[in-house]
Each structure stands twice: as structure tokens, then as C-alpha cells.
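Colleague: Once you've had a glance at the structure underneath, I'll fire off some questions.
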Amino acid sequence: MTTKIIHFMVNGTLEKAEFGVDCSAADVKDVFRAAAEAGPHHILKMYSMSGSVLNISAQLEANSEDSYYRLEAVASDQQGVRMPKELDAMEHRLLHLESKVLDDVGEPPEAVCDLMSQVESFKKKLESVKHLSWVGLFKEDGDHQLSKRSPKPSSSQLSAHEQQQQVRRKFLNMSSLQVTEEVREHLKTPVFDNWQWEEAEMLVLLQVMFTDLDFLAAFHIQLEVLQNFLFQVFCHYNNIPFHNFRHCFCVTQMMYGLIWLTDLRSKISRIDLLIMLTSALCHDLDHPGYNNSFQINAQTDLALRYNDISPLENHHCAVAFGIMAKPECNILKNLSSDQYKHIRGGMIRCILATDMARHNDILNKFKSIVPVFNFTNKEHQEVLMKILVKVSDISNEARPMAVAEPWLDCLLQEFFNQSDTEKLKGLPVAPFMDRDKVSKPSSQTGFIRFVLLPLFTEVTKLFPALEKHLLEPVRRALDFYSDLERASKQEQEEEEEKKKEGRTAAAGGGV
Ligand code: 5GP
Ligand code: MN
């Protein structure tokens, strides 16, 4: 292909631009400048759906009408506004003063050193945030640089499309028969280690989950359609630190495990099991890596489209049904219209329930019915389905420490990316996402105490077998992170003490 099409929103209308891939950056900018009706002193800014700023050039990635960019002609071009002469003169005088101070005192005052180190640390943060690469400070990590030097094209040099096709070929060439009985059994427990499997293998394992629950036979799903569907689900997760395809795999695998551990097959209908497993699979589709608060505060297109009401969860669910709108990916195509309606309603309920803003409402509802729970009561069943999808969604800490801990790093990385962007944009920053305020232990002790334990305790009342699989590992994780938190507090106190002693000694010496 020699031309590409870019869909973009400008001044409230959806436009599209077509240009050759060998077009110069200046020509591309001119096209967008004209579309934005920008004057010579305007700066053009192109934003992706997630709100990241994109570089305007012929390398701009082609998109679709559904994933349009947003073009804005923002501030006045600084080059058009010359610095007044008086400011130039003042800067000169300051520089002169600075060199005099250095000559007289020998070293800059403490306040200046503090400022300099703050600037340095802010620069380091900018250097580590990939989506702020347009600032011009971003440095790739060592691995990337090594792979760039290697003569053979590495996977990071293939286009996203080529990488996806590689995964598809590998997935289709593998047979689910290659999955041993031992792995199949392991797949039914929370101790399963997701980090050992690559993407194509995770797709095979997802296929095994659908087949081992007899969904193919029960709902007349052709294997090829299931494989197309799973591959499209994989393609619609983004390459971001936490809410990626691996998270989708883990949540689905936990849902699968819960079905077996609670013997749910004997308690609720197969169609409801299909709803829960498919909801887990689709629950974070096309997550942009920025949460609902960001969407709402930054007034993103998603927040506008869904009127600030669970914008992400609404989007995940809409993307899921968008995938199934294609007959070759529609695992529900051989069902009756009543069955389809039931599944659609159930999936919408389960996916929308994963918005943590609704956590307490849903948990309180569940608490009120647990003492009188009845598997034949439709309302009770619907609440249970939401709860089990929610449990799967936030269950990393129920996994062995070696599996759970790397997930916390991924989550914090995504949180910090968001809060860094919020700081730059002047948006509100939640303390639990702020790299200056949270640590791994502080993040987990609160989350386990106030979110996981109350939720898992309630679920265990209904399914005592889960005590061993959910509650016990989470209690161990709480002990582990509480110990770490105490140790780091003690260390901090000791340091404070030392500083105080140092100051007292210095003051004493001066007398
Ligand atoms: P999700 O966004 O994955 O659908 O919903 C789960 C949300 O719960 C995450 O975005 C995150 O805010 C929170 N969460 C899940 N697991 C953990 C965890 O292990 N620690 C903390 N602190 N928050 C978590
Ligand atoms: Mn999730």
C-alpha cells in the first residue's frame, strides 16, 4: 500500500486525510493545518483515543473510523512571540550574578541544589515515560537498544500487524491436543503460572477452556469460529503495562478455575457459565491504560460518548459485541434469538459490574443475599455471576507470590504513567496512583484489607472450598506486605532520627 488514510476529529467533525507513505512531514502537517484552519502561529496537536500526543508525520499510524484521532490547533507558536528586550537583559544580569555567587561562595546554595535535583528527577521521569516521547526526552531501555543494533529484524521491529499475524500462525499450527492432561488440570487452579506462556500458547489454552467446558458441542460453535474470535480478542487488547492480553488471560483462567473449584457446573446452567467465561475474556477489551477518572477529567471521546457513566466498561463491552458482529468470529451465531438475548444481557451486566466505582453496591447486595442464597432464584444468580467475574478480575493476590508480584509492578507502572500525564495536563491526581505517594506495600495492604478480604470472605461463605484457594493466599500476601510496610516505616524513622542527631551535632559544634 502506498497511501494511508487517517481519520480524525477536528472542530467537532470527523474528517479523513489521505497521503502517500513517502510524503514529507511538512506536506503532512500542511494537510492537517488546512483541516484545522490553523494560522501560522498555531501549534497543531494530534491526540490518540487514549489522550496521548502523536507525532504528526507520514509515519502516523493509519486508523479506522472507530479509532479516530483528535486534532487541535492549540496555543500560539512561541517562535512568533519574541522575548521582550528587557527580559533578555534581565537573564544576562542573572547569569552574571550566578557566576559571581559561584566565585564568592564556591558552591551553589542548598536551595539551588535542591531545585537542581528536583529538575533532574523530573527529567528522569519524563525519560522513562514512553507515551511522552514527543517531549523529546524519552530513552528506550537497554533491551530495545540492543535489539536495534542486531542485524536480524527483531519482533519489536515488525509492524504490529505482522506481529499479530505471527501469533495467529503459531496459534493455528498448535493443536490443543498438545496440551497435556497435567497442564489441563493445572489450568483449573489459581496456582497456574501465566508468565511461562507466550501469546499463541495462551490462545490455545483459552481454546482448551472453551472445549473442556463442552461449550463447542452445547452451543454449536465451530472450532474455526472460536479460533477467529479468540484471535480477534487478542488483537483488541493493547500493548500496555497492565490491562493487556495477559491480564485478560489471567482473569479468564481464574474464572475457569472458580467454575471447577466450586463445582459450578452442577449449580448453574451452561449458558450462564458461557456468559461468565466470555465476560472475563472481554472485560477489558481495548483498555487504553488510563482509568475512568482520567477519561472523565480529561473529557476524552469515551467519556463524551458514554456521558461519564462507566465509559471504559461500556467501551469494553461494545468492542466485544463489535467483534461478534462479524459472522466468522461470532461464537453466538448458531444460538436462538432468545439464547442470544440472554447471553448479551448477561455479558453486559457482568462487564459493567467490573467498574470498581460500583464495588460496594454490588458487594452489599451480595452480602444481603448470601444468608438466604438460592441457586434457582434468578436475581441471586445474576448477582453471583457479577461477583465471580469481579473476583476473577482482582484476584492476582490469590496467586503464588512469584506470579502475583510482577503484576503489581505492571499495575503501578500503568498508574504512574497516568499520574505523570495528569500532572503534565494539570488534571487531578489520585494519591494511590502517584509515584511520590505510593509504594508496593502501601498499595497492597490497603487493597487487600479493604477490598479483597471483605469480598473473598463473603464468597467463601457460599463456597467454603475457596477458603484454601482464595482467602489463605490473600492473608499470606497481607502478612508479607504488612511486614514490608513496617520495615520500611522503621527504616524511615531511623533515618529521620539520624538526620535530627546530625543537625543537633552541627548546631552544637557552631556554638
Ligand atoms: P480492571 O481495571 O482490571 O477491570 O479493575 C480492577 C481495578 O482494581 C484495577 O484497575 C485496579 O485499580 C484495582 N486493582 C486490581 N488488582 C489490584 C491490586 O493487586 N492492587 C491494587 N492496589 N489495586 C488493584
Ligand atoms: Mn480487569
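The values are calculated or read from the model by the stated rules, or taken from the named source; none is laboratory data. What you see is a predicted model; the values in this text were computed from it and never measured. Please note: Cβ atoms are built from the backbone with ideal geometry, for glycine as well, and neighbour counts cover all protein chains shown. These accessible areas exclude ligands, DNA and RNA; they are computed on the full protein's heavy atoms, side chains included. Shrake-Rupley method; radii C 1.70, N 1.55, O 1.52, S 1.80 Å.
Colleague: Any residue in the stretch 283-304 that is at positive phi and in a loop (DSSP other than H, G, I, E, B) sitting within a Cβ distance under 6 Å of a residue that is within 12 Å of ligand 1 (Cβ to nearest atom) and at pLDDT 95 or above? List the pairs, counting only those 6 or more apart or interchain.
Modeller: G289/I240; G289/E414
Colleague: Let me ask something additional. I need every pair where a residue in the stretch 227-256 that is farther than 24 Å from P190 by Cβ has its Cβ under 6 Å from the Cβ of a residue that is away from ligand 1 (no atom under 12 Å from the Cβ) and not hydrophobic (A, V, I, L, M, F, W, C), sequence separation at least 6 or different chains.
Modeller: Qualifying pairs under 6 Å: N228/E328; F231/R168; C235/Q164; H236/D286.
Colleague: Under 9 Å between Cβ atoms, which residue pairs at least 6 apart in sequence (or on different chains) link something in the stretch 448-468 that is within 16 Å of ligand 1 (Cβ to nearest atom) with a partner that is open to solvent by 70 Å² or more (accessible area, probe 1.4 Å) and of a type in the set (K, R)?
Modeller: So the pair list comes out as I448/R475; L453/R475; P454/K367.
Colleague: Can I ask one more? Working only within the stretch 376-421, note down all residues that are over 14 Å from the mean Cα position of the chain (by Cα), near ligand 1 (Cβ under 8 Å from one of its atoms) and either at pLDDT below 95 or among the acidic types (D, E) (or both).
Modeller: Answer for the stretch 376-421, where residues must be over 14 Å from the mean Cα position of the chain (by Cα), near ligand 1 (Cβ under 8 Å from one of its atoms) and either at pLDDT below 95 or among the acidic types (D, E) (or both): just E397.
Conditions (1) open to solvent by less than 50 Å² (accessible area, probe 1.4 Å); (2) more than 30 Å from Q299 (Cβ to Cβ); (3) not aliphatic (A, V, I, L, M), marked per residue:
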position	(1), (2), (3)
F415	yes, no, yes
K423	no, no, yes
G426	no, no, yes
F432	no, no, yes
K437	no, no, yes
K440	no, yes, yes
A465	no, yes, no
H469	yes, yes, yes
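Colleague: Right, here's the next one. Which one of these does W260 not meet: (1) surrounded by fewer than 19 Cβ atoms within 10 Å (Cβ to Cβ); (2) in contact with a Cys (Cβ under 7 Å, 6 or more places away or on another chain)?
Modeller: (2)
Colleague: Hey, any hits in the stretch 13-20 for a residue that's exposed (fewer than 15 other Cβ atoms within 10 Å of the Cβ), modelled with pLDDT of 85 or more, touching a Phe, Trp or Tyr at 6+ places or on another chain (Cβ under 8 Å) and farther than 26 Å from E422 by Cα?
Modeller: Scanning the stretch 13-20 turns up at least one residue that is exposed (fewer than 15 other Cβ atoms within 10 Å of the Cβ), modelled with pLDDT of 85 or more, touching a Phe, Trp or Tyr at 6+ places or on another chain (Cβ under 8 Å) and farther than 26 Å from E422 by Cα.
Colleague: Give me the pairs, please: first residue somewhere in the stretch 169-185 and closer than 14 Å to Q227 by Cβ, second residue anywhere and open to solvent by less than 90 Å² (accessible area, probe 1.4 Å) and not in a loop (DSSP other than H, G, I, E, B), beta-carbon distance under 6 Å, and either six or more positions apart or on two chains.
Modeller: Hits for this filter: K170/A200; F171/A200; F171/L203; M174/V204; S176/V204; S176/Q207; S176/V208.
Colleague: Inside the stretch 384-399, can you point out the residues that are open to solvent by 10 Å² or more (accessible area, probe 1.4 Å) and over 22 Å from T445 (Cβ atoms)?
Modeller: Selection gives M385, K386.
Colleague: Need the failing condition index for Q490 against (1) at pLDDT 95 or above; (2) open to solvent by 30 Å² or more (accessible area, probe 1.4 Å); (3) in a helix (DSSP H, G or I), just the number.
Modeller: Unmet condition: (1).
Colleague: Something else now. Say whether the condition of being crowded, with 18+ Cβ neighbours inside 10 Å, closer than 28 Å to Y290 by Cα and within 16 Å of ligand 1 (Cβ to nearest atom) is met by at least one residue in the stretch 212-234.
Modeller: Yes, the stretch 212-234 contains at least one residue that is crowded, with 18+ Cβ neighbours inside 10 Å, closer than 28 Å to Y290 by Cα and within 16 Å of ligand 1 (Cβ to nearest atom).
Colleague: Right, another one. Does the stretch 386-402 hold any residues that are in a helix (DSSP H, G or I) and within 16 Å of ligand 2 (Cβ to nearest atom), and which are they?
Modeller: Result: K386, I387, L388, V389, K390, V391, S392, D393, N396, E397, A398.
Colleague: Now, a different point. When you scan the stretch 328-349, how many residues do you find that are surrounded by fewer than 15 Cβ atoms within 10 Å (Cβ to Cβ) and touching a residue at least 12 places away in the same chain (Cβ under 8 Å)?
Modeller: Going through the stretch 328-349 one residue at a time, the tally reaches 3.
Colleague: Taking the stretch 222-238, which residues are in a loop (DSSP other than H, G, I, E, B) and away from ligand 2 (no atom under 16 Å from the Cβ)?
Modeller: The one that is in a loop (DSSP other than H, G, I, E, B) and away from ligand 2 (no atom under 16 Å from the Cβ): Q222.
Colleague: Between E422, E379, which is farther than 25 Å from L312 by Cβ and part of a helix (DSSP H, G or I)?
Modeller: E379
Colleague: Any residue at all in the stretch 298-312 that is in contact with a Lys or Arg (Cβ under 8 Å, 6 or more places away or on another chain), within 16 Å of ligand 1 (Cβ to nearest atom), open to solvent by 10 Å² or more (accessible area, probe 1.4 Å) and not β-branched (V, I, T)?
Modeller: yes
Colleague: Right, next: For the stretch 158-199, enumerate the residues that are surrounded by fewer than 16 Cβ atoms within 10 Å (Cβ to Cβ) and aromatic (F, W, Y).
Modeller: Across the stretch 158-199, the qualifying residue is only W195.
Colleague: Under the condition of being out of contact with any Gly (no Cβ under 8 Å at 6 or more places or on another chain) and among the hydrophobic types (A, V, I, L, M, F, W, C), which residue from the stretch 235-251 is surrounded by the fewest Cβ atoms within 10 Å (Cβ to Cβ)?
Modeller: C235
Colleague: Please find, among M202, M276, M209, M254, the residue that is within 13 Å of ligand 1 (Cβ to nearest atom) and open to solvent by less than 20 Å² (accessible area, probe 1.4 Å).
Modeller: Every option except M254 fails the conditions.
Colleague: Collect the residues in the stretch 350-369 that are away from ligand 2 (no atom under 16 Å from the Cβ), surrounded by fewer than 20 Cβ atoms within 10 Å (Cβ to Cβ) and either within 28 Å of L223 (Cα to Cα) or not polar (S, T, N, Q) (or both), keeping them in residue-number order.
Modeller: Across the stretch 350-369, the qualifying residues are D361, L363, K365, K367, I369.
Colleague: How many residues are over 27 Å from the mean Cα position of the chain (by Cα) and acidic (D, E) when one looks only at the stretch 318-375?
Modeller: Here the count works out to 2.
Colleague: Would you mind finding the one in I331, I369 that is away from ligand 1 (no atom under 16 Å from the Cβ), in a helix (DSSP H, G or I), of a type in the set (V, I, T) and in contact with a Leu (Cβ under 9 Å, 6 or more places away or on another chain)?
Modeller: Only one candidate qualifies: I369.
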